[in-house]
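Reading through the structure tokens given below for one structure.
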Amino acid sequence: MTELIVAFTLNGERREVRVAAHETLLTLLRDGLGAIEVKDGCGEGVCGTCTVLLDGEPVSSCLLLAARVAGRQVTTVRGLAPVGSLSLLQNSFVPHGAAQCGFCTPGMLLTAHAFLQQHPRPTREDIRRAISGNLCRCTGYVKIIDAIEAASAGAAPASPSGAAPARRG
Amino acid sequence: MAKSPARGGSVAARPAEELRVVGRPIARHDARDKVQAAILYAADWQMPGMLHGVVLRSIYPSARIRRLDTARAAAIPGVAAVLTARDVPNNTLWTDVPGQTSQVGALRARIQVLAERVVRYQGEPVALVAAETLEAAHAALEAIEVEYEPAVGVFDPEEAARPDAPRVHEEGNLLARWHVRCGDADAALERADVVVEHTYRCQFIDHAYLEPECGVAWIDADGVVTIRVATQVIEHFRDVAEVLGLPHNRVRVIGTYVGGGFGGKEDVTVEVFLGLLASRTRRPVRMIWSRQESLLARPKRHPFRLHYTTGASRDGTLVAQKVDLLADSGAYAYLSALVLMYATVTAAGPYRIPNATIDARVVYTNNPPTSAMRGFGGMQMVLGYESQMDRLARRLEMDPVAIRVRNALRKGDRLPVGQELDTHVGVAEAAQRAWAALGPRRAPSAPGRRAGRGLACNIQPYGRIVWLHDWASAWVGFEMDGTLVVRTGVPDVGGGQASSLCQIAAEVLGVAVEGVAVHIGDSALTPLAGTTTATRQLYMSGNAVLQAAAGLRAQVLPVAARMLETPPDRVTLSDGGAADASGRRLEWAAVLKECARLGVSRSHLGVYHAPAGDPVDLDRGGGRIFPDYTFGAHAVEVEVDIETGAVAVVRYVACHDVGRAINPQSVEGQIQGGAVMGLGYGLMEEVVLDRGVNLSTNLASYLIPTSLDVPDVEPLLLESGEGKGPFGARGIGEPPIGPPAAAIANAVEDAVGVRITELPITPERVARALGLLGAPRTDP
């Protein structure tokens, strides 16, 4: 079994690891480095739960060989904000009820984070397109899109109660 | 009948505007953890010295096992155990209703843990391996020698129902049969002014939650087999114990936060296999099913053939409903008999039907087993009864809302099975509200597209069948510093189950919800609360927490009153402590210290017993089957592309009477998520089988809705205040998945004049019906 030494940056920290040539980045992160915040939902690049940022771009870590990240920056959801605090986007997911079971949430946040970096004032349809590679089976997407919209530069300031208004009949 | 529930003292009876916490759309207690990925799901857990467990599965849908040799596999370095049926102490797993009275005829089902001489579906477990590495485990799977002799199988339920069909099980292929009769449907159909008669078909689908089945097991102190697993039912600890031949109190199941359940983690998944491997190796073992394995082999939703004959008088009043149902159980029973019962009870829809005949059968085939999935038999019926309502409306030139309002069930009416509806029935109101919310009709967004609208109402039970004597317990207690703790065996599958319980406890005891600590889902350490299934958790555990909190309030309030020298009804409780009418305050710590001095308990165990009843003979019109039902209506606007047959859903409104929304945001989330899951079922999802061979074993071929496939679902909450849950709440987990498919079918006919009777409503089916692919298929 061919092994390689790979040096890369994980959430701002330099890592040097020994990996098998056939090992995916997802396996390296979860089993080798304990980065269990990266989820494994399908192993075939469809569901988006294993999304990480590679030099700022969202990729499916299950489809990427670990050896390919040599010299590059890998960001997981834990790299979005210092320990114990939340990024503006993460914070927006809380009052909007955008996380139900929470399994798609790390990948969804990373995709949305990268998208907002490049498109600070998106329309709702832009957001819908941007997250179409991240499946969610719980929410019907509405509250996720609400949360991303509210975290964008064009959003009105959050309501003082901190919670999104409920719609009642 | 069980005693009536405590209603939380006067608190639960308060008008909505006086409630501080209940009814508020607050962020859930686990939301911050989830956005930081700080939740340890079942697959995220590791133990020192942990082995990796894998399953060898049948490659044939029907075969005899002539030889099974594990010697070569066991000799592979790093392999710690290879188990076959011979190694399983009790190889029969009985599907009971966990923790409840059981053995109600066909409701008790038998599954072989590992295949002995016969495999009955592709993917059936044959052997287990535990190894030091996943690579070694997979090498061992390859090295197990199985000699199969393929056998004749049966894959079509119609064929399986014939007496000369190949038998999937020795006792024959008919697993269960239910009948309901009320009035005389045949005579009423003879006299009806209009009769519509049609057949509908729905498909196998998969739960497709994003977290595949997984868990870790180890042997803990005193030899307790401990299994930390993603499950909706921690009380499967008993099933594991039975299979392992252990006393029930030597198996513990710790339920993790679950990455989606939807009924798919209701039956046993990995926990029995983990228990076997950990017991054999005496080492921790982790098992994670791959997505492909999950899609291949786990139970699916029941496909049904539904034959409906509906009669009405000229003014649109329904006079009769005849329904014949045939469902596919796949190779094992699991919960099929119960699913069929839900279908039978709700098959006539949320309408007054004076004359009804419902005949329902479920048969074994060599297809993958089918079992629980959100909507549980009730949701499949909606395509039948709501397509019929639209066809009647068309024949009678009636408005789709008017015909539904005319026939809608009302409080005090009886279902065909005889049960009287004793709470508010919001069908008519929901239909009117949802339809009106669509607003004025709009032109299609592009040439070549036709717009249409559809409406569908539904009835779905919440809570278990009353003769299962359902109960739930919860413990609520103060720590000495005044912080509150809730302990209950609830599995939280992402619907906000635990968080709503915190709201209820906080409301009753006057404390801030953010400060409540909740411990859930441990069969050894938390009071048992039953399953997170059947839309029962808020209803059952909510009532248990309400009872526990009210009991605790009744204990500590008099102590505070004595200290404040004021009558108990003048004392108010808040986060800071107790206060009298003049505002004089006592810190919680002081009140609790006084409780301790007086020997007054600072905790209370609440046990809620649901209204119970005797088993019902459906044939004779037995009466109460379920505690209560949730009603709703969904209205949809679609655009159909007349060149491709593609259906785009452009507007969607979903309205349900939820009794009272404990957390409106969670209720909205359930409605939006359920509607979208129902849209997937209606438009695209299907597990495709070719003579029992599964062709949909990856997410690239099993399609579920993405954000681009669905519009923003607009939820409308009606709050009648008349549910049987805490504070008048009704269950809302399953109900929203019912209407979408039928609403789309109705909208498609409105748009392009063709009736689709088979799900999913793919572009191909619509194009065929439009005659774009040659001759239109005749409507059955």
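The values are calculated or read from the model by the stated rules, or taken from the named source; none is laboratory data. Just so it is clear, the model here is predicted, and its values are computed rather than measured. Please note: Cβ atoms are built from the backbone with ideal geometry, for glycine as well, and neighbour counts cover all protein chains shown.
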Among the listed residues B:GLU293, B:GLU266, identify the single one that is more than 14 Å from chain A (Cβ to nearest Cβ), out of contact with any strand residue (DSSP E or B) (no Cβ under 6 Å at 6 or more places or on another chain) and at pLDDT 95 or above.
B:GLU266
Which one of these is within 12 Å of chain B (Cβ to nearest Cβ), over 21 Å from B:ALA208 (Cα atoms) and under 17 Å from the mean Cα position of the chain (by Cα): A:GLY34, A:GLY41?
A:GLY34
Would you check if B:ALA524 is farther than 30 Å from B:ARG584 by Cβ, surrounded by fewer than 20 Cβ atoms within 10 Å (Cβ to Cβ) and away from chain A (no Cβ under 14 Å)?
yes
Where in segment A:66-151 are there helices (runs of 4 or more DSSP H), lying fully within it, with 2 or more residues that are among the hydroxyl-bearing types (Ser, Thr, Tyr)?
A:105-118
Which of the residues that make up segment B:453-474 are buried (at least 23 other Cβ atoms within 10 Å of the Cβ) and charged (D, E, K, R)?
B:ARG464, B:ASP470
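Here is a check on your reading of the model: is A:THR139 more than 18 Å from B:GLY669 (Cα to Cα), at pLDDT 95 or above and not assigned by TED's automatic domain parsing to the domain that holds A:GLY41?
In short, no.
Is it the case, given these coordinates, that A:GLY97 is surrounded by fewer than 16 Cβ atoms within 10 Å (Cβ to Cβ), among the small types (Gly, Ala, Ser) and either within 15 Å of A:LEU10 (Cα to Cα) or within 14 Å of chain B (Cβ to nearest Cβ) (or both)?
In short, no.
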Could you check segment B:645-682 and list, in sequence order, the residues that are within 8 Å of chain A (Cβ to nearest Cβ), farther than 26 Å from B:TYR702 by Cα and in contact with a Pro (Cβ under 7 Å, 6 or more places away or on another chain)?
B:PRO664, B:GLN665, B:GLU668
Take the conditions assigned to a helix (DSSP H, G or I) and touching a helix residue (DSSP H, G or I) at 6+ places or on another chain (Cβ under 8 Å) and apply them to B:PRO715. Does it pass?
no
Could you list, ordered by first residue, the pairs with Cβ atoms under 8 Å in which the first is in segment B:34-55 and at the interface with another protein chain (Cβ under 7 Å from one of its Cβ atoms) and among the β-branched types (Val, Ile, Thr) and the second is surrounded by 18 or more Cβ atoms within 10 Å (Cβ to Cβ) and part of a helix (DSSP H, G or I), at least 6 apart or interchain?
B:VAL35/A:VAL77; B:VAL35/A:GLN90; B:VAL35/A:ASN91; B:VAL35/A:PHE93; B:VAL35/A:THR105; B:VAL35/A:LEU109
Is it true that some residue in segment B:222-236 is out of contact with any Cys (no Cβ under 7 Å at 6 or more places or on another chain), over 25 Å from B:VAL362 (Cβ atoms) and not assigned by TED's automatic domain parsing to the domain that holds B:VAL126?
no
